[in-house]
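Heads up, the thing below is written out as structure tokens.
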Protein chains: 6
Amino acid sequence: MHLTDATWTDVRDFDTDLALLPVGSTEQHGPHAPLGTDFLAAEAVAEAGAEASDHDVAVAPTIPVGVAEEHRQFPGTLWVSEETFRSYVRETVGSLASHGFDRIVVVNGHGGNVDALREVCGTIVRHDDAYAVPFTWFEAVGEHATRMGHGGPLETSLLRHVAPERVREDRMKEATEGAAERWGEWVASVNLAYDSAEFAENGVVGDPSDGDAALGEELLDAAAAALARVLDAVDERDVSRPERRT
Amino acid sequence: MHLTDATWTDVRDFDTDLALLPVGSTEQHGPHAPLGTDFLAAEAVAEAGAEASDHDVAVAPTIPVGVAEEHRQFPGTLWVSEETFRSYVRETVGSLASHGFDRIVVVNGHGGNVDALREVCGTIVRHDDAYAVPFTWFEAVGEHATRMGHGGPLETSLLRHVAPERVREDRMKEATEGAAERWGEWVASVNLAYDSAEFAENGVVGDPSDGDAALGEELLDAAAAALARVLDAVDERDVSRPERRT
Amino acid sequence: MHLTDATWTDVRDFDTDLALLPVGSTEQHGPHAPLGTDFLAAEAVAEAGAEASDHDVAVAPTIPVGVAEEHRQFPGTLWVSEETFRSYVRETVGSLASHGFDRIVVVNGHGGNVDALREVCGTIVRHDDAYAVPFTWFEAVGEHATRMGHGGPLETSLLRHVAPERVREDRMKEATEGAAERWGEWVASVNLAYDSAEFAENGVVGDPSDGDAALGEELLDAAAAALARVLDAVDERDVSRPERRT
Amino acid sequence: MHLTDATWTDVRDFDTDLALLPVGSTEQHGPHAPLGTDFLAAEAVAEAGAEASDHDVAVAPTIPVGVAEEHRQFPGTLWVSEETFRSYVRETVGSLASHGFDRIVVVNGHGGNVDALREVCGTIVRHDDAYAVPFTWFEAVGEHATRMGHGGPLETSLLRHVAPERVREDRMKEATEGAAERWGEWVASVNLAYDSAEFAENGVVGDPSDGDAALGEELLDAAAAALARVLDAVDERDVSRPERRT
Amino acid sequence: MHLTDATWTDVRDFDTDLALLPVGSTEQHGPHAPLGTDFLAAEAVAEAGAEASDHDVAVAPTIPVGVAEEHRQFPGTLWVSEETFRSYVRETVGSLASHGFDRIVVVNGHGGNVDALREVCGTIVRHDDAYAVPFTWFEAVGEHATRMGHGGPLETSLLRHVAPERVREDRMKEATEGAAERWGEWVASVNLAYDSAEFAENGVVGDPSDGDAALGEELLDAAAAALARVLDAVDERDVSRPERRT
Amino acid sequence: MHLTDATWTDVRDFDTDLALLPVGSTEQHGPHAPLGTDFLAAEAVAEAGAEASDHDVAVAPTIPVGVAEEHRQFPGTLWVSEETFRSYVRETVGSLASHGFDRIVVVNGHGGNVDALREVCGTIVRHDDAYAVPFTWFEAVGEHATRMGHGGPLETSLLRHVAPERVREDRMKEATEGAAERWGEWVASVNLAYDSAEFAENGVVGDPSDGDAALGEELLDAAAAALARVLDAVDERDVSRPERRT
């Protein structure tokens, strides 16, 4: 059930404690992929995961602006502070929980959101009346995960599957040639860079031409299956907190 | 230009300082209209207004969750605190302004957001590097504005025009019969009620059957024309702050 | 009972749950009316309302500085942020409630405070242990309300009745000639102005000479009667929150 | 010049950078003295100090509610958190400074405000565009200061001089007999008590009968003279911050 | 028991509700004494006090950076805001209390921390699940307390006893000659100075040569004995809050 | 140079812009290792790294309490919220920078601090006047990093080298037998656990007996060498932020 499409009476009659909250970002993804890439991905994975699951699941609307200050030098990138992002997620989850959707998977499409989501879900679990856990789709696609990059093979392939009209195929050569090979500038395990403009000429990391719609479909299926497994586990889990060790 | 569809290079090559930021809400709108009504309305009006305008305008993604705690007793209603909402809007506007979109109209679909948007836009204008002004579509439709209600004739008619499949026409009798006549409980100019569940049995205020798709089209056109006039005015306005009176 | 005059033992022996919290502002009111106009009005209305009521009512001291940044270009205007104002009011109300005064009417003398008071009273009602409602005197004077302005006929008349020595009658011509006709600069239902110095040459809106002490007395009586009705309603009201709709 | 009485044009024509901001509290002062004692004292001292000074001085309205949670067990005591109190003072001072009153003496009538005022004035001096310093009247009355107590000889005497009708002389025996001898419960320089109800049966510390209106006049004169000396010093002082030691 | 040395199983088996939380500062103490003077003093006094006490006491690690912005012009001085300092102390105390150490003495080595500690301990006692009280060692050494200064006779003597290698005896003449006689610049009971660089040429107040290791030992013994008495009192005290006066 | 040992005049005469800020935690490390393990490790690595570096480096005092709520069920664990921790680090770094130490490596001993440090260092680099980067020692020891665990082979070995008296060798069998094999409870790339008590019976992850003092020495040398390389890179790096892409 998509909450935005449902009426309150529909929700009243829908009996589950499981919900998905998709979270995207609006940020540069190179000259070939749209600013809304992470939004599209989070929404597509949430949709596919809800379908792949045996459980009834409520799907909340997608949060469009996240933690993306690292891309601020690239025109069109939008962001809020991590603190504001956490508050926005925490309170939205709180309102879901007030209606009985108190086991929530936050379906995340953006690497920059990962730390903030882990923190805020921990806060929710320990201090609020809900259990929440973040699921970042590209961490859950098996070996493919190592090729993530940014606007690279995975994200571009996924777009080719779910929104091919949004990919500027005619700029693929430009996108590939200006791409960085890895995220960050590393010395002895430390990333010295904070802004992607420090190391990515055109904002791309990884080769966006290295994958196609078929790979995109495979990725979406893998992410949806993984999300369905997470929903199973969240449904069954004893989410009470442990007793103090005595 | 819709930012979510554009690449950063598209934005770089797009020369305007005008942007629209649609802001909705996910909240009960009676048994006949979806929780996403305000989201749909804000997005449709922003789209139509951008088209009606002679200016180049960037359209940001729609913020889906707003100030709707007043509907919390109705299942499915989502909300954040006014403080968090203001921060989310302020920082999103700040990131728009960092790219040169520093004259922003916040296109609002929800009455509960009005005060918070007026406050945060004032803060932005006085203390940040942008000019922003809220535009609430149903305040800008002339005499129709007096019939606003909640999930009532105006919103339902607009939906019939822009998303007729989302209106449960088969529940219209139920929606109408359970509707309240006015918003709030008033004594001597004071509204004593804080939650819509105090005065609206099924969440509806006004008669949702009193209007059709044709009225919806008229409302959308009126709102779009009004928004275009606001864009003209914002484009031309001297937005510098006055000097201290001496 | 005025709290500032009472001892704690007097309060202990005073049996009511009703209190008034007057809230003013210190801000420009044109060349003819004092910066303390809203303070004087709030205090006078609270006093008159308490007398007009059949109930025992505690009257708290008047908060002197409110939300008036919109007048900052005019010398002498004092203000705090809306956030600080809300915290100050919320915590003061909380301390009233801790002593059993848990049904509070905030008697407001300033338009700039209205939104912040509505927000904070909603927060108090939903999340704290008290019921509070804002009462803005010039909204409760029937048809006169439409002529409010700023430092205009209503406020000046009220002052002529309650504090005539504070009105500079010798500057009335100057005040009238420099006055604006309406508050704000409007395009398609949107006020484009944020600071009163954008549209009010001498800070006045409306004609301050259009009213006298007799009108002032009428206004005070009307506001006091309205406030008494609100106290009746607050006294009787079931202030518990509604159940979730199921 | 009292700001509340002045118009903005009066303030415009008033040429000084000195202002007084009186700060009181609304809190129990025993069975014989009103909750507004600290408010009355701060206002009276500010008034007398401004008169005693050779300088032109703007006097702001008195802040009525301060840091008084320590008296919360006594009915009628009002308070805000120290954080909110500091914000309210800081922003009020900021608005004073925006009009050129950027050398401010905060005239304080309440011991519980002392620490918060020292902190916030330090913040203002180091980080804002003003110089501010707190002046607590009963610390500036020479040897009398040692007898301060609470609702004791000094405060009661001052009231007998400035507002004798507010002192319940008929309860003086009760006030005296229930009074504590000292503030707090001390072990090895540490005060173990946090609430006055832990050590003061009727809220009084010190003997309120040990002083009369003549003493009150002497105290007021001494405080006013001290405040005038502080104004002289603040007027002359180089308030720029020192250079870093190199 | 020092918490940093203990394992969690040791703590589990340690049966007491008493804990010490030493709090220092890292700040200039003249040319002869180290920046860590207050840290060393707080730690030494906590250690000695725990030994002098008959009670089992847990000793937490020492907080190294406190409220020292007043010394910011002197190189090497570290500080956080009072708000951050209070949060850090409050939450650390909260975690101690969660393990049953809910009667805490905060052992303080720095005058600049005093007000913030009094405030935060009051907040803890009134609103959290613990009793906490600050103990500032140099206030608890009897008549010596009047000679405190800064980097002066007391602190330097204490260092000569507990860490003589940290005192630059060869700079004592320089330290003494540049020392100020008193803390601050006072007019009519008001300290007009906010930064120590306004009145202390080399950062020293008082004569650091006026005391030796023997005095240091005497001071440490006196402080330890005082702290032991405070622990006795805290152990025995009824720390419940008083009832409201009715 | 250790700041706590230096005088302000020593710091004045010390010419470098490099500083280390060690950050630990006080938290359970199983039945065999002390609560202060992370503190000891951070301090030892900072010390060794400063020695291994060719640069002059200031070493700040070690922050003792960090982000460790995940271990709260184990007695003795101390923690502050991530928000407070970030503020404490940010402001401490700000004070370092005010003295010219504006290239800072935060030497971290605790996994729970990693996300918060990355966030706060990003905030510092983008918005404050300093460059800061976190260095977590166990991420910088090459292949050993994969065996980290908690209170496991790496930390226990390091302790055996730097503080062998703190390791309870007699409890090693107990520690090993109750240890978990991995951190967390994972399904499809998602860790469903938030508290270590959910998956670690005695708080240990990994085999603490699998390593000795020789390994500890090797780890310390590797971490120190890595830290020296990071200092080289930080010293040379152009830390200005990139221009906006145009």
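The values are calculated or read from the model by the stated rules, or taken from the named source; none is laboratory data. Since the structure is predicted, the reported quantities are computational estimates derived from the model, not experimental observations. For neighbour counting, all protein chains shown are included, and Cβ atoms are generated from backbone atoms with ideal geometry for every residue, glycine included.
Looking at this structure, is C:Asn191 within 14 Å of chain B (Cβ to nearest Cβ), surrounded by fewer than 21 Cβ atoms within 10 Å (Cβ to Cβ) and not acidic (Asp, Glu)?
Working: within 14 Å of chain B (Cβ to nearest Cβ): yes; surrounded by fewer than 21 Cβ atoms within 10 Å (Cβ to Cβ): yes; not acidic (Asp, Glu): yes.
Here the answer is yes, as C:Asn191 does meet what is asked.
Among the residues of the stretch B:43-69, how many are away from chain A (no Cβ under 12 Å) and touching a residue at least 24 places away in the same chain (Cβ under 8 Å)?
Of all residues in the stretch B:43-69, those away from chain A (no Cβ under 12 Å) come to B:44-57.
Remaining after also requiring touching a residue at least 24 places away in the same chain (Cβ under 8 Å): B:44-46, B:48-57.
Matching residues across the stretch B:43-69 total 13.
What residue, among those in the stretch B:140-171 that are touching a helix residue (DSSP H, G or I) at 6+ places or on another chain (Cβ under 7 Å) and surrounded by fewer than 18 Cβ atoms within 10 Å (Cβ to Cβ), is farthest from the other protein chains (Cβ to nearest Cβ)?
B:Arg147
Take the stretch F:11-28 and flag every residue that is surrounded by 24 or more Cβ atoms within 10 Å (Cβ to Cβ) and facing chain E (nearest Cβ under 7 Å).
Kept after step one, since they are surrounded by 24 or more Cβ atoms within 10 Å (Cβ to Cβ), are these residues of the stretch F:11-28: F:19-28.
Answer for the stretch F:11-28, where residues must be surrounded by 24 or more Cβ atoms within 10 Å (Cβ to Cβ) and facing chain E (nearest Cβ under 7 Å): F:Thr26, F:Gln28.
Mind checking which pairs have a first residue in the stretch E:114-127 that is at positive phi and a second that is crowded, with 20+ Cβ neighbours inside 10 Å, Cβ under 9 Å, 6 or more apart or different chains?
Taking only residues 6 or more apart or on different chains, not a single pair turns up.
Can you name the number of the only condition in (1) in contact with a Gly (Cβ under 8 Å, 6 or more places away or on another chain); (2) in a loop (DSSP other than H, G, I, E, B); (3) in contact (Cβ under 8 Å) with a residue 12 or more places away in the chain that E:Gly184 fails?
(1)
Mind checking which residues of the stretch F:235-246 are within 7 Å of chain A (Cβ to nearest Cβ) and closer than 22 Å to F:Ile104 by Cβ?
F:Arg237, F:Arg241, F:Pro242
Please go through the stretch B:197-217 and give me each residue that is among the small types (Gly, Ala, Ser), within 13 Å of B:Met148 (Cβ to Cβ) and at pLDDT 95 or above, ordered by number.
As a first pass, look at the stretch B:197-217 and keep what is among the small types (Gly, Ala, Ser): B:197, B:200, B:203, B:206, B:209, B:211, B:213-214, B:216.
Those left that are additionally within 13 Å of B:Met148 (Cβ to Cβ): B:206, B:211.
B:Gly206, the sole residue that qualifies.
I'd like the full set of residues that are assigned to a loop (DSSP other than H, G, I, E, B) and under 16 Å from the mean Cα position of the chain (by Cα), limited to the stretch B:81-102. Even if it seems obvious, please write down each step before you answer.
Pass one, the stretch B:81-102, residues assigned to a loop (DSSP other than H, G, I, E, B): B:81, B:99-102.
Within the stretch B:81-102, no residue meets the criteria.
Which of the residues spanning the stretch E:113-139 are in contact with a Cys (Cβ under 6 Å, 6 or more places away or on another chain) and either more than 8 Å from chain D (Cβ to nearest Cβ) or polar (S, T, N, Q) (or both)?
Within the stretch E:113-139, E:Ala132 is the sole residue that qualifies.
Restricting attention to the stretch F:175-188, report how many residues are surrounded by fewer than 18 Cβ atoms within 10 Å (Cβ to Cβ) and farther than 30 Å from A:Ile104 by Cα. Spell out the reasoning first.
Quick first cut of the stretch F:175-188, residues surrounded by fewer than 18 Cβ atoms within 10 Å (Cβ to Cβ) only: F:177-178, F:181-182, F:184-186.
Checking which are farther than 30 Å from A:Ile104 by Cα leaves us with F:177-178.
So the count comes out to 2.
Can you pull out the residues in the stretch C:194-215 that are free of Cβ contacts under 8 Å to residues at least 60 places away in the same chain, within 17 Å of C:Thr37 (Cα to Cα) and part of a helix (DSSP H, G or I)?
The one that is free of Cβ contacts under 8 Å to residues at least 60 places away in the same chain, within 17 Å of C:Thr37 (Cα to Cα) and part of a helix (DSSP H, G or I): C:Ala213.
So for the stretch C:2-24 (the condition being over 13 Å from the mean Cα position of the chain (by Cα), under 18 Å from C:Val133 (Cα atoms) and either at pLDDT below 95 or small (Gly, Ala, Ser) (or both)), does at least one residue qualify? If you could, list the steps in order and put the result at the bottom.
Filtering the stretch C:2-24 down to residues over 13 Å from the mean Cα position of the chain (by Cα) leaves C:2-19.
Right, trim to under 18 Å from C:Val133 (Cα atoms) and you get C:16-19.
Pick out the ones that are also either at pLDDT below 95 or small (Gly, Ala, Ser) (or both) and you get C:19.
Taking every residue of the stretch C:2-24 in turn, at least one turns out to be over 13 Å from the mean Cα position of the chain (by Cα), under 18 Å from C:Val133 (Cα atoms) and either at pLDDT below 95 or small (Gly, Ala, Ser) (or both).
What tally of residues in the stretch A:140-157 results from selecting those that are charged (D, E, K, R) and in contact (Cβ under 8 Å) with a residue 12 or more places away in the chain?
So the first thing to find is which residues in the stretch A:140-157 are charged (D, E, K, R), and the list is A:143, A:147, A:155.
The next check asks that each one be in contact (Cβ under 8 Å) with a residue 12 or more places away in the chain; those that pass are A:147, A:155.
Of the residues in that region, 2 qualify.
Could you list all residues from the stretch B:95-108 that are of a type in the set (S, T, N, Q) and facing chain A (nearest Cβ under 7 Å)? It would help to see each step written out before you state the result.
To start, the set of residues in the stretch B:95-108 that are of a type in the set (S, T, N, Q) comprises B:95, B:98, B:108.
Within the stretch B:95-108, B:Ser95, B:Ser98 meet the criteria.
Kindly list the number of the only condition in (1) touching a strand residue (DSSP E or B) at 6+ places or on another chain (Cβ under 8 Å); (2) outside any helix (DSSP H, G or I) that fails for B:Leu117.
Looking at each condition in turn, B:Leu117 falls short on (2).
Considering only residues that are of a type in the set (Gly, Ala, Ser) and surrounded by 23 or more Cβ atoms within 10 Å (Cβ to Cβ), look in the stretch D:194-233 and name the one that is nearest to the chain's Cα centre (by Cα).
Step one: filter the stretch D:194-233 for residues of a type in the set (Gly, Ala, Ser), giving D:196-197, D:200, D:203, D:206, D:209, D:211, D:213-214, D:216, D:222-226, D:228, D:233.
Going one step further and asking which of them are surrounded by 23 or more Cβ atoms within 10 Å (Cβ to Cβ), we end up with D:196, D:200, D:203, D:206, D:211, D:216, D:223, D:226.
On the way: D:Ser196: 19, D:Ala200: 21, D:Gly203: 19, D:Gly206: 19, D:Gly211: 20, D:Gly216: 15, D:Ala223: 11, D:Ala226: 13 Å.
Step by step, filter the stretch D:194-233, then rank; the result is D:Ala223.
All but one of (1) more than 17 Å from E:Glu119 (Cβ to Cβ); (2) of a type outside the set (Ser, Thr, Tyr); (3) free of Cβ contacts under 8 Å to residues at least 40 places away in the same chain; (4) crowded, with 24+ Cβ neighbours inside 10 Å hold for D:Ala97, so report the exception by its number.
It is condition (4) that D:Ala97 fails.
What's the total number of residues in the stretch F:3-53 that are assigned to a loop (DSSP other than H, G, I, E, B), closer than 17 Å to F:Ile104 by Cβ and small (Gly, Ala, Ser)? Walk me through it before giving the result.
Step one: filter the stretch F:3-53 for residues assigned to a loop (DSSP other than H, G, I, E, B), giving F:3-7, F:13-17, F:24-28, F:30-32, F:34-36, F:53.
Filter once more, so that each one left must be closer than 17 Å to F:Ile104 by Cβ: F:3-4, F:6, F:14-17, F:24, F:53.
From the residues that got through so far, the ones that are small (Gly, Ala, Ser) too are F:6, F:24, F:53.
The qualifying residues number 3.
Given the conditions (1) part of a helix (DSSP H, G or I); (2) over 20 Å from B:Ala41 (Cα atoms); (3) within 11 Å of chain C (Cβ to nearest Cβ), and given that B:Ala228 satisfies all but one, which numbered condition is not satisfied?
It is condition (2) that B:Ala228 fails.
What are the pairs, 6+ residues apart or on separate chains, where a residue within the stretch E:160-178 that is closer than 12 Å to E:Ala33 by Cβ has its Cβ under 6 Å from a residue that is in a helix (DSSP H, G or I) and of a type in the set (Val, Ile, Thr)?
As it stands, the answer is none, since no pair meets every condition given.
Here are some residues: A:Trp79, A:Trp8. Which one is facing another protein chain (nearest Cβ under 9 Å) and either farther than 23 Å from B:His2 by Cα or surrounded by fewer than 24 Cβ atoms within 10 Å (Cβ to Cβ) (or both)?
On the way: A:Trp79 fails: either farther than 23 Å from B:His2 by Cα or surrounded by fewer than 24 Cβ atoms within 10 Å (Cβ to Cβ) (or both).
Just one listed residue meets the conditions, A:Trp8.
Looking at (1) surrounded by fewer than 23 Cβ atoms within 10 Å (Cβ to Cβ); (2) under 22 Å from D:Ser157 (Cβ atoms), find the lone condition where D:Gly36 falls short.
So D:Gly36 meets the others, but not (1).
Go through the stretch A:85-94 and give me each residue that's at the interface with chain B (Cβ under 7 Å from one of its Cβ atoms) and surrounded by fewer than 24 Cβ atoms within 10 Å (Cβ to Cβ). Can you show your working first?
Initially, the stretch A:85-94 is screened for residues at the interface with chain B (Cβ under 7 Å from one of its Cβ atoms), giving A:87-88, A:91-92.
Matches in the stretch A:85-94: A:Ser87, A:Glu91.
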